[in-house]
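A.B. asks: Sharing a structure, written as structure tokens. Questions coming.
Read-outs throughout are calculated quantities, based only on the coordinates presented, and are distinct from any laboratory measurement. For clarity, every value in this text was computed on a predicted model and none was experimentally measured. For neighbour counting, all protein chains shown are included, and Cβ atoms are generated from backbone atoms with ideal geometry for every residue, glycine included.
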Amino acid sequence: MEQKDVYILAIESSCDETAAAVVKNGREVLSNVISSQIALHTLYGGVVPEIASRKHIEKINQVIEQALEEAKVTFDNIDAIAVTYGPGLVGALLVGVSAAKALSFALKKPLIGVHHIEGHISANYIENKELKPPFICLVVSGGHSHLVKVKDYGEYEILGRTRDDAAGEAFDKVARAIGLGYPGGPKIDKVSREGNPDAIRFPRAKVGESEYDFSFSGLKSAVLNYLNSCQMKGEEVNQADVAASFQKAVVDVLVDHSVNAVKKYGFSTFAIAGGVASNSHLREALEVACKENGIDFYHPSPVYCTDNAAMIGVAAYYEYIKGVRHGYDLNAVPNLKLGERI
């Protein structure tokens with residue numbers, strides 16, 4: 001018997017992007033609409049939760065309508081409604097969750113809550129049709145730095161996580177300190193191309209009892225101390241050199257931990273995900289390291305690295321075929337842990 005196609009309408013509103021997408025059979029993206037708030041939050045040097053929530057309310061219906069239109073489908077074609085329910089900003093998450101529950105109730109379609117980090121990992125399946133678990137995945141974004149063993153679709157084991165600042169958070173804070181502004185990641189990536197990554201030796205932190213955990217707060221403090229020292233001595237700061245040296249310190253640690261984990265656990269496949277995964281220096285360094293060690297390296301296109309609903313639709317598909325369904329009591333869980341089920 002021929003298997004029926006599964007169409008999932010997915011919603012993502014965990015931070016400052018209001019997004020909706022239609023995904024077919026878990027791997028084919030028919031539409032991926034993203035309304036970004038970056039310009040709005042740049043005025044404040046970072047995301048303001050209250051403003052983000054209000055903007056989501058304004059945009060949510062528009063992006064859903066546009067996603068259906070671009071996919072050339074109607075609500076009748078949709079088999080399930082998927083939504084990010086954590087982790088993220090609680091007010092922002094609630095907008096997406098409320099919209100998804102309303103649609104699920106009105107259309108009598110199944111509701112599937114998706115973990116945001118699972119979504120990021122699943123973004124790798126969109127363009128890499130041959131990629132299947134098991135593999136090791138590095139998730140690096142503004143709020144998360146995780147080294148994850150992907151055992152199966154929806155089955156994860158965290159090997160390492162950040163003890164303090166996430167990598168993306170460190171990028172934002174250092175970018176602000178050297179006068180680049182928000183968002184820090186893309187700005188540091190760009191200006192670093194003009195700098196010398198070996199100009200300043202910043203520390204590479206190791207967490208003693210856990211070889212795969214990350215710590216970036218000491219590195220951030222070292223950059224601030226360097227800037228203060230220059231100011232006290234009346235020395236000029238070379239913005240590009242500081243950016244390049246800081247970025248190299250982050251990239252070195254991420255690459256080192258990732259390659260060691262892949263080798264130690266006997267895997268031959270490695271993937272990256274999350275906003276920082278679009279950093280060109282990180283991609284280049286991982287490309288080289290994986291090649292040297294005979295590891296197959298996968299990464300999503302930049303549009304699927306930053307927050308988007310297509311990745312949520314992909315993750316939801318594998319939950320849907322396993323029979324996972326959520327009730328109308330589904331709530332936003334801002335500190336939801338990877339692998340935790342509600």
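A.B. asks: Which of the lysines could be linked to residue 206 by a straight reach, that is with a Cα gap under 21 Å, when you skip same-chain ones fewer than 8 residues away?
C.D. replies: Partners found: 149, 173, 220, 248, 263, 264.
A.B. asks: Also, quick follow-up: Along Cα→Cβ, 7 Å out, is where each label goes; now give me the distance between the ones at residue 322 and residue 5 in nm to one decimal.
C.D. replies: So the two model labels end up 2.6 nm from each other.
A.B. asks: With contacts defined as alpha carbon pairs under 8 Å and 6 or more residues apart, what's the relative contact order of the range 134-300 in percent?
C.D. replies: Values: 312 pairs, mean separation 44.8, N = 167.
It comes to 27 percent, rounded to a whole number.
A.B. asks: Here is a further query. Normalised by the number of residues in the chain, what is the relative contact order in percent for Cα pairs under 8 Å and 6+ residues apart?
C.D. replies: Numbers: 744 pairs, mean separation 83.5, N = 342.
Once normalised by length, the contact order is 24 percent.
A.B. asks: Now, a different point. Could you give the nm distance between label points at residue 209 and residue 232, where each point is 7 Å from its Cα heading toward the beta carbon?
C.D. replies: The modelled label-to-label distance comes out at 3.4 nm.
A.B. asks: In nm, to one decimal, how far is the residue 74 label point from the residue 163 one, both placed 7 Å along Cα→Cβ?
C.D. replies: Between residue 74 and residue 163, the simple spin-label model gives 5.8 nm.
A.B. asks: Let me ask something else about it. What translational D, rounded to a whole number of µm²/s, comes out for the range 88-174 from Stokes-Einstein when the hydrodynamic radius is the Kirkwood one over Cα pairs, at 4 °C and 1.567 mPa s?
C.D. replies: Details: Rh = 15.1 Å.
Estimated via Stokes-Einstein, D reaches 86 µm²/s.
A.B. asks: Order these peptides, 72-80, 92-100, by their mean beta-carbon neighbour count within 10 angstrom, highest first. Present the calculation step by step, with values, prior to reporting the outcome.
C.D. replies: Values: 72-80: 14.3, 92-100: 24.7.
Taking the mean over residues of other Cβ atoms within 10 Å, the ranking is 92-100, 72-80.
A.B. asks: What whole-number volume per residue, in cubic angstrom, does the convex hull of the C-alpha atoms of the range 236-282 give?
C.D. replies: Values: hull volume 3.3 nm³, N = 47.
About 70 Å³ per residue, rounded to a whole number.
A.B. asks: May I ask you to work out the translational diffusion coefficient for the chain at 20 °C, viscosity 1.002 mPa s, via Stokes-Einstein with Rh from the Kirkwood sum over Cα pairs, reported in whole µm²/s? Show your work: numbers first, answer last.
C.D. replies: Values: Rh = 20.6 Å.
Estimated via Stokes-Einstein, D reaches 104 µm²/s.
A.B. asks: Let me ask you something else. Percent of Cα-Cα pairs per 10 Å bin, from 0 to the last occupied bin, for the range 1-40, please list those.
C.D. replies: That works out to 28, 41, 21, 8, 2, 0, in percent per bin.
A.B. asks: Let me know the whole percent of all Cα-Cα pairs from the range 11-121 that are separated by more than 23 Å. Mind dumping the intermediate values first?
C.D. replies: Working: 1479 of 6105 pairs.
Counting every Cα pair in the range 11-121, those more than 23 Å apart make up 24 percent.
A.B. asks: Provide, for q = 0.18, 0.22, 0.26, 0.30 Å⁻¹, the log10 of I(q)/I(0) from a solvent-free Debye sum over equal Cα point scatterers in the range 48-102.
C.D. replies: The Cα Debye sum returns log10 ratios of -0.65, -0.88, -1.07, -1.22.
A.B. asks: Separate question: At a threshold of 8 angstrom on Cα-Cα distance, excluding pairs fewer than six apart, so keeping six or more, what relative contact order does the range 34-157 reach in percent? Each step should come with its number before you reach the end.
C.D. replies: Values: 124 pairs, mean separation 21.0, N = 124.
Once divided by the residue count of the range 34-157, the mean separation gives 17 percent.
A.B. asks: Could you work out the mean projected area of the convex hull around the alpha carbons of the range 134-300, in square nanometres to one decimal?
C.D. replies: On the way: hull surface 38.1 nm².
The Cα convex hull of the range 134-300, projected and averaged over all directions, gives 9.5 nm².
A.B. asks: Of the peptides 212-225, 163-176, how do they stack up when ordered by the mean number of other Cβ atoms within 10 Å, highest first? All intermediate terms of the calculation are to be shown ahead of the outcome.
C.D. replies: Values: 212-225: 18.9, 163-176: 22.9.
Per-residue Cβ counts within 10 Å, averaged per peptide and sorted highest first, yield 163-176, 212-225.
A.B. asks: Once you charge only the Cβ atoms, +1 for Lys and Arg and -1 for Asp and Glu, what is the size of the charge dipole of the chain about its Cα centre, to the nearest 20 debye? Mind dumping the intermediate values first?
C.D. replies: Numbers: 35 positive and 42 negative charges, 70 e Å.
So the dipole magnitude of the chain works out to roughly 340 debye.
A.B. asks: Where does helix 310-321 land angle-wise versus the long Cα axis of the chain, in degrees 0 to 90, nearest 10?
C.D. replies: Orientation of helix 310-321: about 50 degrees from the principal axis.
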